[in-house]
Amino acid sequence: MSQEYFPVPKIEYEGPQSRNPLAFKHYNPAEAIEGKTMAEHLRFACAWWHSFCNGLSDPFGVATRQMPWDDATDSIENALNRARAAFEFFEKLQLDLYCFHDRDVAPEGDNLRETNRNLDKVVAFLKEQQERTGIKLLWGTANLFSHPRYLHGAATSANADVFAHAAAQVKKAIEVTQLLGGVNYVFWGGREGYTTLLNTDMKRELDHLARFMHMAVDYAKQIGFTGQFLFEPKPKEPTKHQYDFDAAACCNFLRANGLEEHVKLNIETNHATLAGHTMQHELEYAAAQGMLGSIDANRGDELLGWDTDQFPTDLYLTTKVMLTVLKYGGLAPGGLNFDAKVRRESFEPVDLVYAHIGGMDAFARGLKIAAAIRADGILDQMLNERYASWNEGIGAQIEAGEADFALLEAYMLEKGDVTPNKSGRQELLENIINEYL
Ligand code: XLS
Ligand code: NI
Ligand code: NI
């Protein structure tokens, strides 16, 4: 038997009464809710970069994390050991899916040709591991932000050679995602934005970003890659203005450039809050536009104000997320990717285990609570009552497009005035939610 990197047994469901810290209390993969299993609803995925690469350095201090699979070299052997650790972890945590950036799984070489060769070697191993375990790829992506060549951005760089390098990298990343049967491909800009307009041609940069995405879509078509493309909003950090600020900005960008048929959104909790929104707002906005693709499940610390990428444990958050997900018919082919890392102080391998158990249980509870709320129907009923004036009479006429300003003026002149006649009932609604938690 090969080396064991995580000193824990396979994590099993033991039920809410269990006090075993190495067991699920709520995530019971085979349990059916609203006609689907929990595993089918939740589609949990592990984020390779935070889980197996991130040493937890911060702007003030070096890495602290014990990573017994990592010998701190750029060798292929090191990359393979990391993959061994990753699949051991997925199996032990019952994580059916994972996500990676090209550079998380394999080291850069001295040039693109060598880098691609490195990637091919590790990807062949990942394929074997997927076949051995049945674990699948939720999405692949390309890291277009870490290397110094991307200091001005990638698709929005002022340097056309950088655009070309990014294109070559994404071409390859789509190919390996396809080879591994990935069901989505994520664009995350990272540095697609700017810090000062004094040196920036915004219109030109936005046009380049659109051209880049069209090239990706065309290439996918050419090679028969049928995975869903996803665009991930994130405001600030590191650039002052990022073109992918929030769901609304991303939807507008996609529509303005004829990409809405091909690209949906990957919504991340901590990015929502950095944009000044709640996660549920971003999900509802994207879903209402038919653009909800997948979720990067984490949370931020609202007192810190930066992208802390913490594991989600807040039941209000997970309940609200699952209310929206259920309302719009589920996430597939998207999923819930834990784009989250343990704290710098939580430096032992077992901390990653606790972190995932907590995140998975919190979402399992959110799912159960959301399903119970839906089964009772009280929220729906109150919502319908609030909008009742649209179901008949003038409201129904407006919705059907049968009214114009002149008709509405005549209607109001006749009626005289309108007085508020329905309370918003926010306090009652909040009380009702608490009854289910
Ligand atoms: C970082 C981003 C990144 C994307 C994939 O903040 O969320 O992890 O999900 O590049
Ligand atoms: Ni993310
Ligand atoms: Ni983030």
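Can you pull out the residues in segment 184-201 that are away from ligand 1 (no atom under 16 Å from the Cβ) and in contact with a strand residue (DSSP E or B) (Cβ under 7 Å, 6 or more places away or on another chain)?
Step one: filter segment 184-201 for residues away from ligand 1 (no atom under 16 Å from the Cβ), giving 194-201.
The answer is Tyr194, Thr200.
Say whether the condition of being among the basic types (Lys, Arg), more than 16 Å from ligand 2 (Cβ to nearest atom) and farther than 25 Å from Gly35 by Cβ is met by at least one residue in segment 331-345.
yes
Answer yes or no as to whether Leu95 is aliphatic (A, V, I, L, M), over 21 Å from Leu367 (Cα atoms), in contact (Cβ under 8 Å) with a residue 24 or more places away in the chain and assigned to a loop (DSSP other than H, G, I, E, B). First the steps, then the outcome.
Numbers: aliphatic (A, V, I, L, M): yes; over 21 Å from Leu367 (Cα atoms): no; in contact (Cβ under 8 Å) with a residue 24 or more places away in the chain: yes; assigned to a loop (DSSP other than H, G, I, E, B): yes.
Criteria not met by Leu95.
State all residues of segment 260-274 that are over 18 Å from Pro312 (Cα atoms) and either buried (at least 18 other Cβ atoms within 10 Å of the Cβ) or within 16 Å of ligand 1 (Cβ to nearest atom) (or both); if no residue qualifies, say none. Explain how you work it out, then say what you get.
Step one: filter segment 260-274 for residues over 18 Å from Pro312 (Cα atoms), giving 260-265.
Within segment 260-274, Val263, Lys264, Leu265 meet the criteria.
Against the condition out of contact with any Pro (no Cβ under 9 Å at 6 or more places or on another chain), surrounded by fewer than 17 Cβ atoms within 10 Å (Cβ to Cβ) and not aromatic (Phe, Trp, Tyr), how does Ile378 come out, does it pass? Let's see the steps before the verdict.
Values: out of contact with any Pro (no Cβ under 9 Å at 6 or more places or on another chain): yes; surrounded by fewer than 17 Cβ atoms within 10 Å (Cβ to Cβ): yes; not aromatic (Phe, Trp, Tyr): yes.
The answer is yes for Ile378.
Among Ala160, Ala166, Ala124, which is the only one that is out of contact with any helix residue (DSSP H, G or I) (no Cβ under 6 Å at 6 or more places or on another chain), without any contact (Cβ under 8 Å) to a residue 12 or more places away in the chain and closer than 28 Å to Leu336 by Cα?
Working: Ala160 fails: closer than 28 Å to Leu336 by Cα; Ala166 fails: without any contact (Cβ under 8 Å) to a residue 12 or more places away in the chain.
Result: Ala124 is the single residue among Ala160, Ala166, Ala124 that is out of contact with any helix residue (DSSP H, G or I) (no Cβ under 6 Å at 6 or more places or on another chain), without any contact (Cβ under 8 Å) to a residue 12 or more places away in the chain and closer than 28 Å to Leu336 by Cα.
Would you check if there is a residue in segment 330-339 being within 16 Å of ligand 3 (Cβ to nearest atom), under 30 Å from Ile135 (Cα atoms) and in contact with a Pro (Cβ under 7 Å, 6 or more places away or on another chain)?
First, the residues of segment 330-339 that are within 16 Å of ligand 3 (Cβ to nearest atom): 336-339.
Restricting the remaining residues to those that are under 30 Å from Ile135 (Cα atoms) gives 336-339.
Restricting the remaining residues to those that are in contact with a Pro (Cβ under 7 Å, 6 or more places away or on another chain) gives none.
No, because not a single residue in segment 330-339 is within 16 Å of ligand 3 (Cβ to nearest atom), under 30 Å from Ile135 (Cα atoms) and in contact with a Pro (Cβ under 7 Å, 6 or more places away or on another chain).
Would you check which residues across segment 168-208 are among the basic types (Lys, Arg) and over 20 Å from Cys250 (Cβ atoms) and list them? Before you say what the answer is, go through the steps one by one.
Within segment 168-208, the first condition is being among the basic types (Lys, Arg), and the residues that meet it are 171-172, 191, 203-204.
Selection gives Lys171, Lys172.
Can you find even one residue in segment 41-51 that is assigned to a helix (DSSP H, G or I), away from ligand 1 (no atom under 16 Å from the Cβ) and hydrophobic (A, V, I, L, M, F, W, C)?
Here is the first cut: in segment 41-51, the residues assigned to a helix (DSSP H, G or I) are 41-42, 48-51.
With the extra rule that they be away from ligand 1 (no atom under 16 Å from the Cβ), the set shrinks to 41-42.
From what's left, hydrophobic (A, V, I, L, M, F, W, C): 42.
Among the residues of segment 41-51, at least one is assigned to a helix (DSSP H, G or I), away from ligand 1 (no atom under 16 Å from the Cβ) and hydrophobic (A, V, I, L, M, F, W, C), which makes the answer yes.
Arg82 fails exactly one of the following numbered conditions: (1) surrounded by 16 or more Cβ atoms within 10 Å (Cβ to Cβ); (2) touching a residue at least 40 places away in the same chain (Cβ under 8 Å). What is the number of that condition?
Checking Arg82 against (1) surrounded by 16 or more Cβ atoms within 10 Å (Cβ to Cβ); (2) touching a residue at least 40 places away in the same chain (Cβ under 8 Å), the one that fails is (2).
Condition check: in contact with a strand residue (DSSP E or B) (Cβ under 8 Å, 6 or more places away or on another chain) and either touching a residue at least 12 places away in the same chain (Cβ under 8 Å) or part of a helix (DSSP H, G or I) (or both). Does Ala332 satisfy that?
Values: in contact with a strand residue (DSSP E or B) (Cβ under 8 Å, 6 or more places away or on another chain): no; either touching a residue at least 12 places away in the same chain (Cβ under 8 Å) or part of a helix (DSSP H, G or I) (or both): yes.
Against the criterion (in contact with a strand residue (DSSP E or B) (Cβ under 8 Å, 6 or more places away or on another chain) and either touching a residue at least 12 places away in the same chain (Cβ under 8 Å) or part of a helix (DSSP H, G or I) (or both)), Ala332 does not qualify.
Report whether or not Leu304 is surrounded by fewer than 23 Cβ atoms within 10 Å (Cβ to Cβ) and either over 24 Å from Gly153 (Cβ atoms) or acidic (Asp, Glu) (or both).
Working: surrounded by fewer than 23 Cβ atoms within 10 Å (Cβ to Cβ): yes; either over 24 Å from Gly153 (Cβ atoms) or acidic (Asp, Glu) (or both): yes.
Yes: the conditions hold for Leu304.
Among the helices (runs of 4 or more DSSP H) confined wholly to segment 207-318, which include 1 or more residues that are away from ligand 3 (no atom under 16 Å from the Cβ) and at pLDDT 95 or above? Please lay out each step first, then the result.
Details: elements: 247-256, 269-274, 279-288.
It comes to 247-256, 279-288.
Would you call Arg65 outside any loop (DSSP other than H, G, I, E, B) and either within 22 Å of Glu128 (Cβ to Cβ) or not aromatic (Phe, Trp, Tyr) (or both)?
Working: outside any loop (DSSP other than H, G, I, E, B): no; either within 22 Å of Glu128 (Cβ to Cβ) or not aromatic (Phe, Trp, Tyr) (or both): yes.
Taking the combined requirement at face value, the residue does not satisfy it.
Which of the residues spanning segment 397-423 are under 15 Å from Tyr387 (Cα atoms), surrounded by 10 or more Cβ atoms within 10 Å (Cβ to Cβ) and not aliphatic (A, V, I, L, M)?
Gln397, Glu399, Lys422
Is at least one residue of segment 145-161 touching a strand residue (DSSP E or B) at 6+ places or on another chain (Cβ under 8 Å), not hydrophobic (A, V, I, L, M, F, W, C) and not in a helix (DSSP H, G or I)? Steps first, please.
Filtering segment 145-161 for residues touching a strand residue (DSSP E or B) at 6+ places or on another chain (Cβ under 8 Å) gives 153, 156.
Within this subset, residues satisfying the condition of being not hydrophobic (A, V, I, L, M, F, W, C) are 153, 156.
Add one more test, that the residue is not in a helix (DSSP H, G or I), and what stays is 153, 156.
Looking for residues that are touching a strand residue (DSSP E or B) at 6+ places or on another chain (Cβ under 8 Å), not hydrophobic (A, V, I, L, M, F, W, C) and not in a helix (DSSP H, G or I), one finds at least one in segment 145-161, hence yes.
Quick one: which of Ala173, Ala168, Ala164 is touching a strand residue (DSSP E or B) at 6+ places or on another chain (Cβ under 6 Å), in a helix (DSSP H, G or I) and closer than 18 Å to Arg113 by Cα?
Values: Ala168 fails: touching a strand residue (DSSP E or B) at 6+ places or on another chain (Cβ under 6 Å); Ala164 fails: touching a strand residue (DSSP E or B) at 6+ places or on another chain (Cβ under 6 Å).
On inspection, the qualifying residue turns out to be Ala173.
Considering every residue within segment 23-37, establish whether at least one is more than 24 Å from Ala364 (Cβ to Cβ) and buried (at least 16 other Cβ atoms within 10 Å of the Cβ).
Of all residues in segment 23-37, those more than 24 Å from Ala364 (Cβ to Cβ) come to none.
No: zero hits.
For (1) touching a Gly at 6+ places or on another chain (Cβ under 9 Å); (2) closer than 14 Å to Glu232 by Cβ; (3) among the β-branched types (Val, Ile, Thr), each residue gets a yes or a no:
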{"residue": "Arg255", "(1), (2), (3)": "no, no, no"}
{"residue": "Gly258", "(1), (2), (3)": "no, no, no"}
{"residue": "Glu261", "(1), (2), (3)": "no, no, no"}
{"residue": "Ala286", "(1), (2), (3)": "yes, yes, no"}
{"residue": "Thr319", "(1), (2), (3)": "yes, no, yes"}
{"residue": "Met322", "(1), (2), (3)": "yes, no, no"}
{"residue": "Lys327", "(1), (2), (3)": "no, no, no"}
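What helices (runs of 4 or more DSSP H) completely inside segment 341-437 contain at least 1 residues that are under 24 Å from Asp309 (Cα atoms), in contact with a Lys or Arg (Cβ under 6 Å, 6 or more places away or on another chain) and in contact (Cβ under 8 Å) with a residue 40 or more places away in the chain?
Values: elements: 349-376, 378-386, 393-399, 405-415, 426-436.
Hits in segment 341-437: 349-376.
The values are calculated or read from the model by the stated rules, or taken from the named source; none is laboratory data. Computed from a predicted structure; not experimentally measured. Neighbour counts run over all protein chains shown; Cβ positions are idealised from the backbone, glycine included.
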